[in-house]
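A.B. asks: Here's a structure for you.
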Amino acid sequence: MYRWIEEFKVLKPHYSPIVNMFLKYLKEVDKMDKVGAVTESDIEAFLKFSAKDAVNSRGTLALYYEGLKGFYNYLLTNNYVQYSIFSGIVNHKDYKKQISNDLNLREEVSRGALSLLELKLLLDKVNEYFELTDYSKLKLKSEQENYIKFLILRIYIKITVLAPAKRAVICDLKHSDFDSDFRVVSVNNQNIAIPRNLTSEIRNSLRFVQELMGKNIIGANERLFDYILDEPFNDNKISHILSTFSRKMDLDFILDEGEEKGKYSASGEKIMNGAICSLWDDGEVDVVMLSKVCGVSVQAISKKILDWSFDDGIASSRLNKQLRQVSYYNLL
């Protein structure tokens, strides 16, 4: 099991804290080299074991649950195991809720920003959907329609975490806002380099709908999402698509319960705010540059960071690092 966990960490490093905890659990229960002895009951036991150190809220429990499920999907895909210990669970949402109740975990207070780990898990689930879904095998019209909408969602999310502008700005992107090869996009007059994979995904999405619907090549002034959906698109639709995707992929941390019990919604703003905080915190992008990319004031960006991400220790460490880079530092 150790070798498989190490392989998985290389493939999906953002799951490292979760599978490292699973490794500790397996050693604790003496199942490290007894793959066949690990069963569905170990899911609950692992989550309760994790509650001693890392899992302290319902949201964190959901992340650990999804991380372990992702690891077992990897094992199954590579034929390391014959079945997933999750295969007998009919309703994942109810299962997580039951364990959260058993542990008396606090209800998650709705945050206006996704954490770095949540952003990584969201991106991972978006990639996973397209890895596992073949449009030609979708029989229901609703599934085919969702596939097209999820093409839009994938591009929207990935551009937003690169350039966290407002929903309306991202949804209004035209073909002319990209360079000819879709390697650069202009957001709020800032040129953002697009990673190779995302460039391919944008090109392939356009080619896919062009062939599927018999469309002409996208025009220079045509909006990207209008073209893919083949109808006028607005930023309000992103919330609906994100909600549909989150329910399908069991992404509880995206969903907010509405006033009516059992009704959930999802906000693209959480992605934008999470990206702002992560770019400042993890990427060390300064507030002035974030302000330019996001198209809002430095004060507004600073407030978001202070509300959701600011850490005195991180700020002091970064300040001292930057002070040492000033050319006169060695003369002090």
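A.B. asks: Does region 239-246 contain any residue that is in a loop (DSSP other than H, G, I, E, B), modelled with pLDDT of 90 or more and not hydroxyl-bearing (Ser, Thr, Tyr)?
C.D. replies: no
A.B. asks: So for region 39-57 (the condition being under 27 Å from residue 241 (Cβ atoms), touching a residue at least 12 places away in the same chain (Cβ under 8 Å) and touching an Asp or Glu at 6+ places or on another chain (Cβ under 8 Å)), does at least one residue qualify?
C.D. replies: Scanning region 39-57, I find at least one residue that is under 27 Å from residue 241 (Cβ atoms), touching a residue at least 12 places away in the same chain (Cβ under 8 Å) and touching an Asp or Glu at 6+ places or on another chain (Cβ under 8 Å), so the answer is yes.
A.B. asks: Further question: Only one of (1) in a helix (DSSP H, G or I); (2) within 17 Å of residue 250 (Cα to Cα); (3) open to solvent by 10 Å² or more (accessible area, probe 1.4 Å) is not met by residue 89, so which one is it?
C.D. replies: Evaluating residue 89 over (1) in a helix (DSSP H, G or I); (2) within 17 Å of residue 250 (Cα to Cα); (3) open to solvent by 10 Å² or more (accessible area, probe 1.4 Å) leaves (1) as the failure.
A.B. asks: Give the number of residues within region 37-81 that are farther than 21 Å from residue 252 by Cα, buried (at least 17 other Cβ atoms within 10 Å of the Cβ) and within 22 Å of the chain's Cα centre (by Cα).
C.D. replies: Residues in region 37-81 being farther than 21 Å from residue 252 by Cα, buried (at least 17 other Cβ atoms within 10 Å of the Cβ) and within 22 Å of the chain's Cα centre (by Cα): 2 in total.
A.B. asks: Looking only at residues that are among the charged types (D, E, K, R) and within 11 Å of residue 272 (Cβ to Cβ) in region 154-186, which one is surrounded by the most Cβ atoms within 10 Å (Cβ to Cβ)? Before the answer, list the steps.
C.D. replies: Of all residues in region 154-186, those among the charged types (D, E, K, R) come to 154, 158, 166-167, 172, 174, 177, 179, 181, 183.
Pick out the ones that are also within 11 Å of residue 272 (Cβ to Cβ) and you get 166-167.
Numbers: 166: 17, 167: 20.
Ranking the qualifying residues of region 154-186, first place goes to 167.
A.B. asks: Of all residues in region 129-160, count the ones that are closer than 19 Å to residue 237 by Cβ and in contact (Cβ under 8 Å) with a residue 12 or more places away in the chain.
C.D. replies: Number satisfying all stated conditions: 16.
A.B. asks: Of the residues 81, 126, only one is touching a Leu at 6+ places or on another chain (Cβ under 8 Å) and modelled with pLDDT of 90 or more; which?
C.D. replies: It is 126.
A.B. asks: Out of (1) at pLDDT below 90; (2) open to solvent by 30 Å² or more (accessible area, probe 1.4 Å), what's the single condition that is false for residue 24?
C.D. replies: So the condition that residue 24 fails would be (1).
A.B. asks: Tally up the residues in region 262-303 that are among the acidic types (Asp, Glu) and part of a helix (DSSP H, G or I), please.
C.D. replies: Residues that pass the stated criteria total 2.
A.B. asks: Among the residues in region 12-21, are any at negative phi, without any contact (Cβ under 8 Å) to a residue 24 or more places away in the chain and either surrounded by 18 or more Cβ atoms within 10 Å (Cβ to Cβ) or more than 23 Å from the chain's Cα centre (by Cα) (or both)?
C.D. replies: No.
A.B. asks: Taking the condition surrounded by fewer than 17 Cβ atoms within 10 Å (Cβ to Cβ) and among the polar types (S, T, N, Q), does residue 246 pass?
C.D. replies: So residue 246 fails the test.
The values are calculated or read from the model by the stated rules, or taken from the named source; none is laboratory data. This one's a predicted model, so the numbers in the text were calculated from it and none came from an experiment. A quick note on method: Cβ atoms are made from the backbone with ideal geometry, for glycine too, and the neighbour counts reach across all protein chains shown. Accessible surface areas use protein heavy atoms only, side chains included; no ligands, DNA or RNA. Shrake-Rupley method; radii C 1.70, N 1.55, O 1.52, S 1.80 Å.
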